[in-house]
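Asker: Just passing along the structure, written as structure tokens.
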Amino acid sequence: MTFEPEFSASLSRDGDVLSLRLTGELDLATVPELEAALPRPAAGEVLVIDLRNLSFIDSTGIHVLMGLDVSAREQGWSFALVRPGPDVQRVLDLCHVGDRVRFVDRPTDASPALG
Amino acid sequence: MSAERLKGSWPAEPASVGEARAAVAGFASAVGIGPDGLMAITLAVSEAVTNAVVQAYVDDARPGQVHVTAEREPGGLRIAVADQGCGLRPRTDSPGSGLGLPLVAQMTERFHVERGDEGGTTLHMRFPLGQPFRRPAG
């Protein structure tokens with residue numbers, strides 16, 4: 001039996017807010033799927049990664065999220081995360097992701113006017 | 001697999017990270033580890049197997065194997081992740097940005113890295129049974 005970790009990424013747009021909803025487990029095997037699904041926000045736009053349906057993350061996934069924060073600062077767009085469930089939030093807290101990245105409750109909360 | 005011991009081997013490739021994680025989660029759950037402990041164990045195993053996949057066989061044309069053993073012992077769970085590769089070496093292109101081993105340290109009661117006499121690396125980890133895991137400070 002071949003094991004395939006469940007993961008999907010679904011992109012939607014609402015005005016200047018690009019929302020990428022992640023589902024499943026994010027690790028070394030599925031990070032390439034996330035990277036392939038990432039949009040290229042223009043300056044002034046917002047990219048929000050919705051983590052509410054993410055069930056697992058490890059350092060490889062966090063590395064990608066922190067790289068997006070760096071890209072946002074360099075390229076003039078905004079970056080935010082929709083708060084995940086407690087297990088994933090715990091890993092993000094251990095890595096102090098909240099020190100650099102803004103957390104919101106819903107993708108619409110990441111609107112530039114509210115940022 | 002006996003109820004008190006899990007032993008498995010996987011090719012050192014990305015898909016094996018989730019496979020090993022799922023196998024250890026199933027074993028840990030079967031021996032009575034609760035949700036909080038399961039989260040810590042699956043994260044630490046994920047980091048350890050990822051390390052082996054990314055680091056161990058960089059000099060080899062074909063990936064070797066990653067071996068995972070988990071054993072119930074008094075008051076805890078002992079897990080070892082082993083490879084026969086080139087050992088832990090600094091890499092500037094690591095996909096985990098150096099977060100992996102610190103996360104293992106946070107998730108375990110104790111851990112140590114062993115270098116084999118004939119090459120290879122084993123990461124030994126011990127997890128407590130029935131105790132809350134550390135939360136981030138601050």
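FYI, it's all coordinate maths here, none of it is from the lab. Everything numeric in this text was worked out from a predicted model, so none of it was measured. Neighbour counts run over all protein chains shown; Cβ positions are idealised from the backbone, glycine included.
Asker: Working carefully through the options A:Gly67, A:Gly15, A:Gly61, find the one that is out of contact with any Lys or Arg (no Cβ under 7 Å at 6 or more places or on another chain) and within 23 Å of A:Pro86 (Cβ to Cβ).
Answerer: Answer to the check: A:Gly61.
Asker: Tell me yes or no: at least one residue of the stretch A:17-35 is more than 23 Å from A:Asp93 (Cα to Cα) and not in a strand (DSSP E or B).
Answerer: Yes, the conditions are met somewhere in the stretch A:17-35.
Asker: So for the stretch A:99-108 (the condition being touching a Gly at 6+ places or on another chain (Cβ under 8 Å), under 15 Å from A:Val48 (Cβ atoms) and not hydrophobic (A, V, I, L, M, F, W, C)), does at least one residue qualify?
Answerer: Checked the stretch A:99-108: at least one residue is touching a Gly at 6+ places or on another chain (Cβ under 8 Å), under 15 Å from A:Val48 (Cβ atoms) and not hydrophobic (A, V, I, L, M, F, W, C).
Asker: Mind checking which strands (runs of 3 or more DSSP E) fall wholly inside the stretch B:1-90 and carry at least 2 residues that are acidic (Asp, Glu) and more than 11 Å from chain A (Cβ to nearest Cβ)?
Answerer: Working: elements: B:5-11, B:65-73, B:76-83.
Hits in the stretch B:1-90: B:65-73.
Okay, residues lined up against (1) surrounded by fewer than 20 Cβ atoms within 10 Å (Cβ to Cβ); (2) more than 9 Å from chain B (Cβ to nearest Cβ):
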position: A:Asn53; (1), (2): yes, yes
position: A:Gly67; (1), (2): yes, no
position: A:Trp77; (1), (2): no, yes
position: A:Phe103; (1), (2): yes, yes
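Asker: Would you point out which residue out of B:Ala70, B:Ala40, B:Ala48, B:Ala23 is in contact with a strand residue (DSSP E or B) (Cβ under 6 Å, 6 or more places away or on another chain) and closer than 17 Å to B:Leu99 by Cβ? Reasoning before the result, please.
Answerer: Details: B:Ala70 fails: closer than 17 Å to B:Leu99 by Cβ; B:Ala40 fails: in contact with a strand residue (DSSP E or B) (Cβ under 6 Å, 6 or more places away or on another chain); B:Ala23 fails: closer than 17 Å to B:Leu99 by Cβ.
The conditions single out B:Ala48.
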